[in-house]
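This report refers to the structure that appears directly beneath it.
The values are calculated or read from the model by the stated rules, or taken from the named source; none is laboratory data. Here the structure is a predicted model, which means the values were calculated and not measured. Cβ: placed from backbone, ideal geometry, glycine included. Neighbour counts: every protein chain shown. These accessible areas exclude ligands, DNA and RNA; they are computed on the full protein's heavy atoms, side chains included. Shrake-Rupley method; radii C 1.70, N 1.55, O 1.52, S 1.80 Å.
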Amino acid sequence: MTSNNTTASSDYSKGMRRPVLFNVLVCLLIPSLTCSIYLFFQFATNHILRRQIHNRITLFLLIAYFLQAITDIPFMLSLLHHGNVYQSEFFCQLWILADYILNV
């Protein structure tokens, strides 16, 4: 009887973790994208930032993160919100490709 109670409580905690994680990711993604867009604007308007060689690495990492934030993280948010993934071979392959390419 105790094994059934522990199984039920662990299933409940798994179900409760998804909405909490979803809300935390959404709350952190919005300011993160705002900051990334602001930094892109600064790089676009300030010629001194673009000319300095050490800022080019920062710009490359910013581009890689921004691409991950607008492609890979929404896939994860969809999974957390709906509880399952759109069952398509193409979608799964696209998600795997985005993970491998964008994780710097």
**Item:** Of all residues in segment 80-91 being open to solvent by less than 50 Å² (accessible area, probe 1.4 Å) and on the phi < 0 side of the Ramachandran plot, the one that is modelled with the lowest pLDDT
**Value:** V85
**Asked** Within segment 46-62, can you find the residues that are open to solvent by 70 Å² or more (accessible area, probe 1.4 Å) and either among the hydrophobic types (A, V, I, L, M, F, W, C) or closer than 21 Å to S32 by Cβ (or both)?
**Response** I48, I53, I57, T58, F60, L61
**Request:** Go through segment 68-100 residue by residue and tally those that are of a type in the set (V, I, T) and farther than 18 Å from S36 by Cβ.
**Result:** 2
**Request:** Identify the residue in segment 92-102 that is under 12 Å from L67 (Cα atoms) and touching a helix residue (DSSP H, G or I) at 6+ places or on another chain (Cβ under 7 Å) and, among all such residues, is surrounded by the most Cβ atoms within 10 Å (Cβ to Cβ).
**Result:** L102
**Message:** Quick check on L39: is it under 26 Å from the mean Cα position of the chain (by Cα), open to solvent by less than 90 Å² (accessible area, probe 1.4 Å) and modelled with pLDDT of 90 or more?
**Reply:** yes
